[in-house]
Each structure stands twice: as C-alpha cells, then as structure tokens.
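Asks: Attaching a single structure in structure tokens format; questions to follow.
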Amino acid sequence: MTETSSRRASLVEHRARVAAVLTVLSLWLSTAAAADWNVATLFERLAREPHAHARFQERKYLSLLTEPVDSSGELLFTPPDRLEKRTTSPKAETVTVEGTRVTLERNGRKQTLDLRGNPAVAVLIESIRGTLAGDLAALSREYSVQLEGDASKWRLVLRPLDSSLTTLVQRIEISGVEAQVQAVEIFQADGDRSVMNISAVPGR
C-alpha cells in the first residue's frame, strides 16, 4: 500500500469512528431527553405560563342531532383560577369561572352556579383549568392522568376517579406542543363528544 493510500485509509477510519461517536451521542441525548419528559415536567412548563389568550373552534357531536354543532370565540385564563370562555358565534355567550363560582351571560341575562353543587359541570371545567394552571396536584385528585408522546407533540388522557362521574364523562383528552394547549376532546359516557381546537392569539 502506498503512503497516499495509507493516509486515505486512516482518514476513512477516523471519519468512521467520529460518525460512530456522534451516533452514540445522538442516541444518548435522545434517551436523556425522553427520560426528562414526564407529567411533572409538562405541568412545570404549563405553570410557568403567565396567562393564556386564545381563539377556539368547537364542534359538538350530539346523538340527538343529525349534524354537529359548531361554535367559536375566545378563551382567557388568568392564574390562578380565572377561566373565561367568550363565544361569539353562532350566538354571543360568556362563561366565567373564578374559584368555585360560574357565571353565564346570555341575551343580557346572568346566571350563576357553584361548582361544589354541580359535579357534572365541575369535572369538565377543572380538566381545562387545572391543565392551563399547571396544577398537577389538583388534577390528580379528580382524575387518573396519563401522558403520551413527547414535548413536540403530547396528549394527556384524563379519566374521572369518582365512579359516579364516569356515568357522565368517559375521558378527556388534552393535547398540545411544549407549554401550549392546542385541543381538548371530551368523550361522554352516552357517546356524545366535543372537540375544541385552540390557537394562541398573536402577540399575546
């Protein structure tokens, strides 16, 4: 083998070793990142978000209707527990939740109720509010919490722990990217379901 051929062989061997090291390092980093991603990590990131202001598009599939029901509007969340859903289409309606108090405004009239006396309403509201607040402890008291995916595309599957509520809600699936919630899908025990797609308001 000539000196030039020997140098080329050494260079090829060196490059092969470097490539092997980089491959191992890449796999190690991927494994480490996956190990660091869990429910606690997700909720830590959600809790660091100062507030949420987003648009929503919601579609409800009801067994009593032949066509789905669509609505749209805005969602606003102010820590620690204020959640506001402003529906603008097809009809104006605002639902505000603060603490255990829920206020519904429609057609110039207001109605209020207490979540403590309305578990069927509370189980739906707390799933969204607890997730936006990054309050894993509170959410875990009401649901079994299962996380799927990774930071780039995750999904939470929530199932009510109270057996009396499973006759109303089968499960709630909340999905998103990083610390942004992008969709909430509610599966009712009677087969009805709703899908809410959420998109952040630019500049907020």
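Asks: Which of Ala122, Ser152, Gly134 sits closest to the plus end of the dipole of the stretch 69-204, meaning its Cα is farthest towards the positive end, when Lys and Arg get +1 and Asp and Glu get -1 on the C-beta?
Replies: Value computed over the given set: Ala122.
Asks: Packing-wise, with mean Cβ within 10 Å as the measure, how do 127-138, 48-59, 179-190, 64-75 rank, highest first?
Replies: Those peptides, ordered most packed to least, come out 127-138, 179-190, 48-59, 64-75.
Asks: Based on the alpha-carbon gyration tensor of the stretch 128-204, what equivalent-ellipsoid semi-axes (square roots of 5 times the eigenvalues) come out, in whole Å, largest first?
Replies: 22, 15, 11
Asks: So, one more: If I take every Cα pair under 8 Å that is 6 or more residues apart in the stretch 57-204, average their sequence separation and divide by the length, what percent do I get for the relative contact order?
Replies: Result for the stretch 57-204 is 17 percent.
Asks: Too long at a 21 Å Cα-Cα cut-off: which of Lys60/Lys153; Lys60/Lys85; Lys85/Lys110?
Replies: From the list (Lys60/Lys153; Lys60/Lys85; Lys85/Lys110), the Cα-Cα distance tops 21 Å for Lys60/Lys153.
Asks: Under 12 Å between alpha carbons, and skipping anything fewer than 8 positions from Lys91 in its own chain: which aspartates and glutamates qualify?
Replies: Asp70, Glu105
Asks: Now, a different point. Quick one: pull the percentage of alpha-carbon pairs in the stretch 39-200 with a separation above 18 Å.
Replies: 60
Taken together, the values in this text are just the output of simple stated rules run on the coordinates, not laboratory data. It should be emphasised that the depicted structure is a prediction, and the values quoted were computed from it without experimental measurement. Ideal geometry is used to build each Cβ from the backbone, glycine not excepted, and the neighbour counts take in all protein chains shown.
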